[in-house]
Structure formats: C-alpha cells, structure tokens
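The values are calculated or read from the model by the stated rules, or taken from the named source; none is laboratory data. Given the structure is predicted, the values throughout are model-derived calculations rather than measurements. A quick note on method: Cβ atoms are made from the backbone with ideal geometry, for glycine too, and the neighbour counts reach across all protein chains shown.
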C-alpha cells in the first residue's frame, strides 16, 4: 500500500546559512586550538598545528561537497509514514514520530509568525524559522499541519499548562537572572587584579569564606563570598549556567522561589563545604546555581509532559550534565565539590516540598512565608555585599 508523503520545500538561502554557520564554527575552533598550542610553546607545536590544519581542510572539503549536493537536490521538510523529517546541513536529519510531538509554540514579529518551537516528549525541542522555507505560504501550511497533528493525538494540547507557561514566558520582560549576571560581572571588574586573569588576593581575604571567619562572627562573608569569583573562567562558567537554566526556573517557579533556591542553596553549599573542607576558601555563586540545577531536574521529572518546548529539557540530559560536572569536580584540583553537592541537594528538595500536589501552572504560586524568606535572604546578601565593599574600600 502506497503511503502519502507530504513535503515543504526549503529556501535555497537556508543551505547558504547552514554552510556559513558550519564554516564559522570549524574556523573558530581551529583558530582557538592553534592559539592554545602556540602559547603553550611546545616543541612539537608545528606537528599539532599541521594536524589541525589538515583536519580543518578535510572538514571544509566535506562541507563544500555537502553544500553543492544540497544546492543541486534541494531541501525538504517532509512527513512519511507518520514520521516528520527535518534536514540538517552537517548532521543526520531529525526523524520525529508525530506521536512524540507534544506542543508547537509560535513566536511573532511585525510580519506575523517568524519561528516555531516543536516540543517533543522526553526529548529536546526543535526550532524552525520561517525564513528557511521557500515561501511564507509553505511555512504557514506546515504550522497548520503540525497543529492538526498535535490536536488529533493530544486533544488537550496545547494544554492549559503549556499555553499559560508560554504566555508567561512571552510576557516576562524583567529577568532576575540577567540582573544577577550583570552584577557578578561588574563586581569582578571592580575587584580584578592588574593582569585581569584573577581577582585581587586581598578581595578574597576580605570577602571569602573559611571556617575561622564564621567563628570570628564575620557572618557577612556568607553573603559576600557568593559574589566573588577567582578568574574570568570561573565567572564565565557561572554566568553561562545562569543563561542556560536560570531564566527557565524564573518562568516556571516565579521570582520568589527563584530567589529562595538561589540564595539558600548557596548558603547550604557553603556550610557543607565548611563542614568537609574547613580550610578551603569558599567563593563563587556555584552553590546557588547548582541549587537551580537541582530544582530544574525535579521540575523536569514532575512536569516533563506539561512544559512547553522552550522551557523543557529532557531529564536524561540534565542528569548526564550533572553527573559529568560532578565527575569533573572530583578529578580537578581546587574545585569546591561539596558546595556544588550541597546546593544541588537543597534546590532539589526545596522544589520537591514546595511543588507537592501542584500543577505546572501553580508552580509559581508561592506562599507568604516563602515571600518573607526570599525578602530576608535578598536583604542579607545585599547587605553582606555592601558591608564587604565598604570594609574592602577602607582597607
């Protein structure tokens, strides 16, 4: 029996865009690798540089061959045997059974819909832009088809939970995570040493947290240590983590619970670190960020099928990322692994307790006691930072 195939032709410029992105990626990676080899000043640097150049040439030739093949044959998004096929330039095409699609979300500009995110059950989402299609009509026809497919298989989709969370995301303009990232960056610039590669030692001495500082009643260090980072790499990783997960936690759990998880996880991680590593100086926002990570894992476990694609990350990816990070912590020198573990545990169990019996749309409804706790935590951390900056300026 012949099965009908439905297809939508992509614009020829889409292939050019894919090719440019691939070329930019491999060129940047090669330049960075060569730069690292040169500054390492190894005896065999010429051999390694030649190897990288040869590898770059091979990948480039493969990309050019792939580019001309796609330009000649054309590109299509198609549906065959209830499977959606979405081509990619460099990797294998996405093959998505229609029964796995749980939602389709739209993003608008002045000309109408400019992109959609296709959310999948227990798998990462896929973004598809209008400009990749040969015509706007093709794109709109594709969106209508996916809409009908989702509605036929999931009569309640897009569910009230998905619709409400999507609307909340689109309406939210102010971002605490973005403000926090800017504050961390500005503080590092203020306290950075002359060579910019590390923070000033006296800043760590005045604001870092060790066991003796708490016994001396310098409790402000529990707050000030959160804002201090040893190096641009340390700061960069934390800001990157904020950009990846913190925004989604804000949307799903709301600002009050976001603040509670961030600051109380940071404090829990710091105290656990002092318990098991009393002579290590605690500094950085990693404990709080790992708390957000733990809360995100619980949210994904609890609401995986309710969350819209734009704020949903598969549980296995989160679990793998956490396991990999802990493995790196255990095998690296100078990393405060206990702070990470303590923050993660608090964030996970805080989300578990507060979200018990709640649906996805109720997850951001915090209690009055949570609001009081968030206000107290925010005041303590801001006051602790201000006190540290004054003491540091006087010294």
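See the values below:
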| read-out | value |
| --- | --- |
| Residue among 171, 178 that is under 30 Å from residue 303 (Cβ atoms) and either in contact with a strand residue (DSSP E or B) (Cβ under 9 Å, 6 or more places away or on another chain) or at pLDDT below 75 (or both) | 171 |
| Residue 141 being closer than 29 Å to residue 304 by Cα, modelled with pLDDT of 85 or more and not assigned by TED's automatic domain parsing to the domain that holds residue 300 | yes |
| Breaking point among (1) at pLDDT 75 or above; (2) under 20 Å from residue 229 (Cβ atoms); (3) surrounded by fewer than 22 Cβ atoms within 10 Å (Cβ to Cβ), for residue 325 | (1) |
| Residue 219 being outside any helix (DSSP H, G or I) and farther than 15 Å from residue 183 by Cα | yes |
| Any hit, segment 273-286, residues being surrounded by fewer than 23 Cβ atoms within 10 Å (Cβ to Cβ), assigned to a helix (DSSP H, G or I), touching a strand residue (DSSP E or B) at 6+ places or on another chain (Cβ under 9 Å) and in contact (Cβ under 8 Å) with a residue 60 or more places away in the chain | yes |
| Failed criterion for residue 76 (all others in (1) under 30 Å from residue 100 (Cβ atoms); (2) at pLDDT below 80; (3) within 31 Å of the chain's Cα centre (by Cα) hold) | (2) |
